[in-house]
Amino acid sequence: MKKFNVSIFIVLLTLTMSLLSGCSSKEDSIVVGAKDYTEQDVLGNIVAVLLEENTDLKIEYKHEMPSNIIFAAVQSGDVDVYIDYTGTIYGNYLNYSDIKTADEVYDISLKELKEGYNLLLLDPLGFNNTYCLAVKPDMAEKYNLETYSDLAEISSDFIFGGSFEILNRNDGIPELKKAYNLTFKEELAIEGVLRYSAIENNETQVTEAFSTDGMLIEFDLVVLEDDKNFFPPYHAAPVIREETAKKYPELLTVLDRLTNAIDEDTMRDLNYKVDVLKQNPRDVAVEFLKASGLIG
């Protein structure tokens, strides 16, 4: 009879328990995802920290993913939950091009994500990060500019600066000009932060921006009202795998605390802290959650 080696048995037992522990940890982990820009990194950290503080689950955080990549990842199970935008879901994932109201876009996105992708669209966070037009305060005051319709009356005297994309998309400047009868003196393709430098240096007088862009604060610009609601709504809301929500229903309860918790001014300020003040996105998220009473 072969002699029983206690030492080998202990080693094997330890390895087995380690493997089992690793499987259990993986099984009970939730992956929070985020896209590849500042606002998404802040929101991703807000979700991750909120779940860490209010559940016993292991929370993993993955970011720097473009829209189509993260949408594929949540379908495959590589990501469990992330924040997306109703306009992106409606236009980019579901391929609708007609303009609907904010409620219609949300309802269609909610229904079709569930039926077609087994994904749940939860209640919006409270802000709309859509395209907007902005001008310097002195220009807004001089011409009494509050809306795009106001701008249309004087637009022929001024230069517009925007991304190549918005200058050429059907839901961008070409159709916006038709909707408002805008006739800019000139339209310049300028990417990223250079748009803000251009309007600061008076190379342009009207610029494209995102409504929650922190650079709007840095350059003290006035955001005009899209009074005909030309641009589609981009309301931020959590998207979670239905399978994950059924397995861990407490996630829905915790995520519900974010409903209407962030307005546009707040989101703009959070972005400003990262983009301009160079604060760490996780630190900004923690500060927000504590100030809002969402964590202790």
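The values are calculated or read from the model by the stated rules, or taken from the named source; none is laboratory data. No experiment lies behind these values; they were computed from the predicted model shown. Backbone-built Cβ (ideal geometry, glycine too); neighbour counts: all protein chains shown.
Observations on the model:
- Candidate set from region 113-158 (those that are closer than 19 Å to residue 216 by Cβ, β-branched (Val, Ile, Thr) and over 23 Å from the mean Cα position of the chain (by Cα)); member that is surrounded by the most Cβ atoms within 10 Å (Cβ to Cβ): 135
So that you can scan it fast, the table gives a plain yes or no per residue for (1) farther than 23 Å from residue 80 by Cβ; (2) modelled with pLDDT under 95; (3) in a helix (DSSP H, G or I); (4) out of contact with any strand residue (DSSP E or B) (no Cβ under 9 Å at 6 or more places or on another chain):
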| site | (1), (2), (3), (4) |
| --- | --- |
| 231 | yes, yes, no, no |
| 240 | no, no, no, no |
| 245 | no, no, yes, no |
| 252 | no, no, yes, no |
| 266 | yes, no, yes, yes |
| 279 | yes, no, no, yes |
| 285 | no, no, yes, yes |
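- So residue 172, is it farther than 30 Å from residue 79 by Cα and in contact with a Lys or Arg (Cβ under 6 Å, 6 or more places away or on another chain): no
- Within region 88-118, the set of residues being touching a Phe, Trp or Tyr at 6+ places or on another chain (Cβ under 9 Å) and either of a type in the set (A, V, I, L, M) or outside the structural domain of residue 263 (by TED's automatic domain parsing) (or both) comprises 89, 99, 105, 108, 113.
- Filter pass, residue 195 being modelled with pLDDT under 95, surrounded by 18 or more Cβ atoms within 10 Å (Cβ to Cβ) and assigned by TED's automatic domain parsing to the domain that holds residue 92: no
- Condition met for residue 28 (among the acidic types (Asp, Glu) and surrounded by fewer than 17 Cβ atoms within 10 Å (Cβ to Cβ)): yes
- Close Cβ contacts (under 6 Å, 6 or more residues apart or on different chains) running from residues in region 119-146 that are without any contact (Cβ under 8 Å) to a residue 24 or more places away in the chain to residues that are surrounded by fewer than 21 Cβ atoms within 10 Å (Cβ to Cβ) comprise 143/154.
- Qualifying residue in region 131-150 (condition: in a loop (DSSP other than H, G, I, E, B), under 14 Å from residue 185 (Cα atoms) and not aromatic (Phe, Trp, Tyr)): no
- Candidate set: region 151-173, residues that are touching a Leu at 6+ places or on another chain (Cβ under 9 Å) and part of a helix (DSSP H, G or I); chosen: the one farthest from residue 241 (Cα to Cα): 156
- Residues in region 174-229 that are in contact with a strand residue (DSSP E or B) (Cβ under 6 Å, 6 or more places away or on another chain), hydroxyl-bearing (Ser, Thr, Tyr), closer than 24 Å to residue 42 by Cβ and not in a strand (DSSP E or B): 1 in all.
- The condition of being over 15 Å from residue 43 (Cα atoms), in a loop (DSSP other than H, G, I, E, B), without any contact (Cβ under 8 Å) to a residue 40 or more places away in the chain and not hydrophobic (A, V, I, L, M, F, W, C) holds for only one of 107, 98, that being 98.
- Residue selected from region 265-296 under the condition small (Gly, Ala, Ser) and surrounded by fewer than 17 Cβ atoms within 10 Å (Cβ to Cβ), by the criterion farthest from residue 218 (Cα to Cα): 296
- Verdict on residue 95 being on the phi > 0 side of the Ramachandran plot and not acidic (Asp, Glu): yes
- Within this structure, residue 37 fails the test of being touching a helix residue (DSSP H, G or I) at 6+ places or on another chain (Cβ under 6 Å) and surrounded by fewer than 22 Cβ atoms within 10 Å (Cβ to Cβ).
- Total residues in region 126-181, condition on the phi > 0 side of the Ramachandran plot and among the aromatic types (Phe, Trp, Tyr): 0
- Summed over region 57-86, residues that are β-branched (Val, Ile, Thr), more than 17 Å from residue 114 (Cβ to Cβ), part of a helix (DSSP H, G or I) and in contact (Cβ under 8 Å) with a residue 12 or more places away in the chain total 1.
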